Amino acid sequence: MTGLTVNTDLLRRVLVGFIREEVRKIGVERAVLGLSGGIDSALVAYLAAEALGAENVYACTMPYRTSNPESEAHARLVAESLGINYQVIEITPMIDAYFERFPDASNMRRGNKMARERMTILYDHSAAHAALVLGTSNKTELLLGYGTLFGDMASALNAIGDIYKTQVWQLSEAMGVPREIIEKKPSADLWAGQTDEQELGFTYREVDELLYWMVDHRCSRQELLNKGFAAAFVDTVSAKVQNSHFKRRMPVIAKVSNRTIDRDFRYSRDWGK
């Protein structure tokens, strides 16, 4: 996995600079993020505090009644270690009020609703504090579609969206993210006992190596098999990447004019300034 080993000093400077520049070029000084108690949001909090100053970072932890208390404890540990603004906002009343009408809803529906409820809260706080919402989805999750559209996958900026989970661990080590957060099993904490790797059916380290060759090096299926990856694993991951592509692009707009948004009318986000 040599290709997944990063120069953490360089990566840190690049991502800190990215947050600082992209926030300030919009004309604001602050950022908001959801602090889940997991490693991805912890790393983003560390990067944001270094980029903008702890006083300009606003973190929200948004537990549901079935959330693991350890998640809130770890989120608080990160916030207090950094000295960023922090508050806990319980989402149980909003979620339960909705699902009173749909008591037979699946775990997937409930999890998606929780993720989207949390993001509406973050965007409300972004308006309250004149701040941009920072994303916390890494490259592995984005490629696999392992996230909720307009939920945890939504944001104004995403500093870690081009680094794999393996690299998130490396950079978190270098930046001093608390050991208990680095070492715990990744979990979206959507229901009791849920873990990412159990739900996906493979480990992040396994899939990162495959994705690195599949995406970054554009290896064909046969080339991946020649590298020793099992055919079933290659096909499963490839299907996940293909079937989740709709989550990684803007909504498809029917073209009926000369200049259509995202086809002919395509500019960077700071166009016109």
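The values are calculated or read from the model by the stated rules, or taken from the named source; none is laboratory data. Note that this is a predicted model, so its numbers are computed, not measured. So basically every Cβ, Gly included, is an ideal-geometry build from the backbone, and we count neighbours across all protein chains shown. Please note that ligands, DNA and RNA were not included when accessible areas were found on the heavy atoms of the full protein model with its side chains. Shrake-Rupley method; radii C 1.70, N 1.55, O 1.52, S 1.80 Å.
Here are a few things to note about the model shown:
- Failed criterion for Glu197 (all others in (1) assigned to a helix (DSSP H, G or I); (2) within 24 Å of the chain's Cα centre (by Cα); (3) at pLDDT 90 or above hold): (3)
- Against the test of being open to solvent by 30 Å² or more (accessible area, probe 1.4 Å), among the aliphatic types (A, V, I, L, M) and in a helix (DSSP H, G or I), the options Ala51, Ala45, Ala79, Ala73 yield a single qualifying residue, Ala73.
- Taking the stretch 120-178 as the range and being assigned to a helix (DSSP H, G or I), closer than 23 Å to Val234 by Cβ, among the hydroxyl-bearing types (Ser, Thr, Tyr) and over 10 Å from the mean Cα position of the chain (by Cα) as the test, only Thr166 passes.
- Looking at the stretch 201-273, the helices (runs of 4 or more DSSP H) lying wholly inside it that each contain 1 or more residues that are in contact (Cβ under 8 Å) with a residue 24 or more places away in the chain and not polar (S, T, N, Q) sit at 204-211, 231-243.
- Hits in the stretch 92-137 (condition: surrounded by fewer than 14 Cβ atoms within 10 Å (Cβ to Cβ), within 17 Å of Cys60 (Cα to Cα) and of a type in the set (A, V, I, L, M, F, W, C)): Ala127, Ala128, Ala130
- Residues of the stretch 5-41 that turn out to be outside any loop (DSSP other than H, G, I, E, B), open to solvent by 60 Å² or more (accessible area, probe 1.4 Å) and out of contact with any strand residue (DSSP E or B) (no Cβ under 6 Å at 6 or more places or on another chain), as a count: 9
- Boolean, Glu183 is at pLDDT 95 or above, open to solvent by 30 Å² or more (accessible area, probe 1.4 Å) and of a type in the set (Asp, Glu): no
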